[in-house]
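Peer 1: Here it is, the structure, as structure tokens.
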Amino acid sequence: MNLLLLGSGGREHALAWKLAQSPLLTHLYALPGNPGIAQYAEILPGSLTDLPGIVALASTKAIDLVIVGPEDPLAAGITDHLLAAGIPTFGPSQAAAQLESSKAFSKAFMARHNIPTARYQSFTDFDAALAYFRQWSVVSGQSSIPNSQFLIPNSQFPVLKASGLAAGKGVILPETLEEGERALREIMLDKRFGDAGAEVVIEERLTGREVSILAFSDGKTVVPMLPAQDHKRLLDHDEGPNTGGMGVFAPSPYCPPELIQQAMETAIQPVIDGMRAEGHPFVGVLFAGLMLTPNGPKVLEYNCRFGDPETQAVLPLLDTDLIDIMLACIDGKLDQIAPTIRWKEAVSVCVVLASGGYPDSYPKGLPITGLDALPENVIAFHAGTAYPPQSPRGRGEERGVVTNGGRVLGVTAVAPTMSEARALAYQGVEHIHFEGMQYRTDIAGESRDGI
Ligand code: AMP
Ligand code: GLY
């Protein structure tokens, strides 16, 4: 089969690595790809925003299956375009992708289907949003604050979310009234996230441990992958600003089979059933971001695709052919192969290496060394890398790679236990160097309740 993989991050490198192991694969193309993906795929030039261009390319190259990595082309309707041209595609339709592309849609959907989530209200009017935010803060017992700049430890101000896609940056957890009011202004009036902030969700702040459950679906049947735990904060001990994710481990020992079962019953199967009932069957990967609360799992968000960096830890544990699973999803036959989907009895840890300055501005084009000297069972998935300007682009070319993004590499190790996987991943990290490289030293660490 000829496959076309859309995307250029660490998630897509992990997908390419796994797809390349399938005996069903004849030729893998990637658009726009990266040097890591180029080890397995022929890179095609093009833009993920040029939907007709992608359809034309897929026809020209006789593509049998397109796999869509990131959310933006899904939200723009790439699946609908490709299917209309008769090209099988793994990834939900534009209507189904609203679960991620509109938090207002997603929250209303959860309310309609009694899915446990934070209490909320959504707004398109700034004054109404501001009044609600202030009122909620008063209800939470913050009305006696003498001035709004006063920081309240462990405050429970509501969470503010730009409804549209904002590259993971549209969620604000204010610690003060002033911070919340300023964020609302920036989102709704100054249009910091563009149109993504035209509507805002204001919701109850939940506490607990987070887990990401990704699940394959054919629109009817849904099969969970192993649960994973991301690390969103930049610094050790969960300090510093939020990022796109600084590391991940799987399976999460905090989400044992009983909890997965509960999440499937309350937060995952109801989505698949609800979307089908509403005329938008969800085919692809549904990603449920859950908070494990004393009252059971509650949904923080849905994504309509594989997680990044969750995929870099989860896919190395999958023992079954990924193309087989994707074809079963597209053909509506996931129930037939579900019992054959197998996972390794092992643990995977992924440590993200980021550019100095990330998540704010950072330099690009810095040489990366050590990628060819990694220990066995360690893989460096490329996220923000590129060839230097003069270097020849080509299949298998890996020497001379430079930094080209905030999160540069995801170093993943698989081992029988969490502590072995962690030690091996950090052993891999020690081989790699680029100027200003920063990473967390506590991914899957002992401080996490002794795992
Ligand atoms: P989201 O993009 O909705 O997953 O939000 C990004 C991150 O913000 C989540 O992974 C959580 O760490 C945090 N977050 C989102 N919603 C809430 C909430 N209602 N309560 C507490 N934390 C939240
Ligand atoms: N790791 C969070 C995401 O993929 O959105």
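The values are calculated or read from the model by the stated rules, or taken from the named source; none is laboratory data. As the structure is a prediction and not an experimental result, all values here were calculated from the model. Cβ sites come from the backbone with ideal geometry, for glycine too, and all protein chains shown count toward neighbours. To get the accessible areas, we keep the full protein, side chains included, count just its heavy atoms, and leave off ligands, DNA and RNA. Shrake-Rupley method; radii C 1.70, N 1.55, O 1.52, S 1.80 Å.
Peer 1: Would the range 237-252 turn up any residue that is touching a Cys at 6+ places or on another chain (Cβ under 8 Å), in contact (Cβ under 8 Å) with a residue 40 or more places away in the chain, more than 12 Å from ligand 1 (Cβ to nearest atom) and aromatic (Phe, Trp, Tyr)?
Peer 2: Looking through the range 237-252, at least one residue is touching a Cys at 6+ places or on another chain (Cβ under 8 Å), in contact (Cβ under 8 Å) with a residue 40 or more places away in the chain, more than 12 Å from ligand 1 (Cβ to nearest atom) and aromatic (Phe, Trp, Tyr).
Peer 1: Name every residue in the range 206-233 that is over 16 Å from the mean Cα position of the chain (by Cα) and open to solvent by 10 Å² or more (accessible area, probe 1.4 Å), in order of residue number.
Peer 2: 206, 207, 208, 209, 218, 220, 221, 222, 223
Peer 1: Here is a list of conditions, (1) more than 22 Å from residue 383 (Cβ to Cβ); (2) open to solvent by 10 Å² or more (accessible area, probe 1.4 Å), and residue 275 meets all of them except one; can you say which number that is?
Peer 2: Every condition holds for residue 275 apart from (2).
Peer 1: In addition: If you check residue 293 against the conditions, is it at pLDDT below 95, among the polar types (S, T, N, Q) and open to solvent by 10 Å² or more (accessible area, probe 1.4 Å)?
Peer 2: Spelling it out, residue 293 is indeed at pLDDT below 95, among the polar types (S, T, N, Q) and open to solvent by 10 Å² or more (accessible area, probe 1.4 Å).
Peer 1: In the range 306-320, which residues are open to solvent by less than 30 Å² (accessible area, probe 1.4 Å) and in contact (Cβ under 8 Å) with a residue 40 or more places away in the chain?
Peer 2: 306, 307, 309, 310, 311, 312, 313, 314, 315, 316, 317, 318, listed by residue number.
Peer 1: Just to check your reading of the model, which residue among 74, 25, 4 is within 18 Å of residue 330 (Cα to Cα), assigned to a helix (DSSP H, G or I) and in contact with a helix residue (DSSP H, G or I) (Cβ under 7 Å, 6 or more places away or on another chain)?
Peer 2: Of 74, 25, 4, the one residue that is within 18 Å of residue 330 (Cα to Cα), assigned to a helix (DSSP H, G or I) and in contact with a helix residue (DSSP H, G or I) (Cβ under 7 Å, 6 or more places away or on another chain) is 74.
Peer 1: Can I ask one more? What are the residue pairs meeting all of these: first residue in the range 4-15, first residue farther than 10 Å from residue 33 by Cβ and open to solvent by less than 10 Å² (accessible area, probe 1.4 Å), second residue part of a strand (DSSP E or B) and within 12 Å of ligand 2 (Cβ to nearest atom), Cβ atoms under 6 Å, and 6 or more apart or on different chains?
Peer 2: Note: pairs meeting the criteria are 10/410.
Peer 1: List every residue pair whose Cβ atoms lie under 9 Å apart, where the two residues are 6 or more positions apart in sequence or sit on different chains, the first residue falls within the range 189-202 and is on the phi > 0 side of the Ramachandran plot, and the second residue, located anywhere, is assigned to a helix (DSSP H, G or I).
Peer 2: Taking only residues 6 or more apart or on different chains, the pairs are 191/197.
Peer 1: Going through the range 205-224 one residue at a time, which ones are closer than 25 Å to residue 278 by Cβ and in contact (Cβ under 8 Å) with a residue 60 or more places away in the chain?
Peer 2: Passing the criteria: 212, 213, 214, 215, 216, 217, 218, 219, 220, 221, 222, 223.
Peer 1: Looking at (1) more than 14 Å from ligand 2 (Cβ to nearest atom); (2) more than 19 Å from residue 381 (Cα to Cα), which is the one condition that is false for residue 348?
Peer 2: All conditions pass for residue 348, except number (2).
Peer 1: Please work out if residue 60 is open to solvent by 50 Å² or more (accessible area, probe 1.4 Å) and of a type in the set (Val, Ile, Thr).
Peer 2: Taking the combined requirement at face value, the residue satisfies it.
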